[in-house]
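Remarks on the structure that follows.
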Amino acid sequence: MDLIGAVWRTSTRSGNGGSTCVEVATNLPQVVGVRDSKDRGGPALTFPPASWAGFVAAIRPGDLNPARRICRPA
């Protein structure tokens, strides 16, 4: 996937000046890029925008927090 023209950003909530986080590029029309801020020249993961939006919608309220899940024995 060609990520030329991607504008990368880190979360405003990231600590350490954003140097130990993931970076996200959401400005491309058909893909969202995700990469490691410590290895900007390394590989990036890509997702369809709808999948990325679903992921973000799930993590904002804490739906993916393992501590909130109730595990029942099988």
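Evaluate the following for V24: is it of a type outside the set (D, E, K, R), touching a Phe, Trp or Tyr at 6+ places or on another chain (Cβ under 6 Å), at pLDDT 90 or above and surrounded by 10 or more Cβ atoms within 10 Å (Cβ to Cβ)? So V24 fails the test. If you go through the stretch 1-21 and pick out every residue that is in a loop (DSSP other than H, G, I, E, B) and either within 19 Å of R60 (Cβ to Cβ) or modelled with pLDDT under 90 (or both), you end up with 11.
The values are calculated or read from the model by the stated rules, or taken from the named source; none is laboratory data. Because the structure is predicted, anything quoted here is derived from the model rather than measured. All Cβ positions, even for glycine, are placed from backbone atoms using ideal geometry, and neighbour counts span all protein chains on display.
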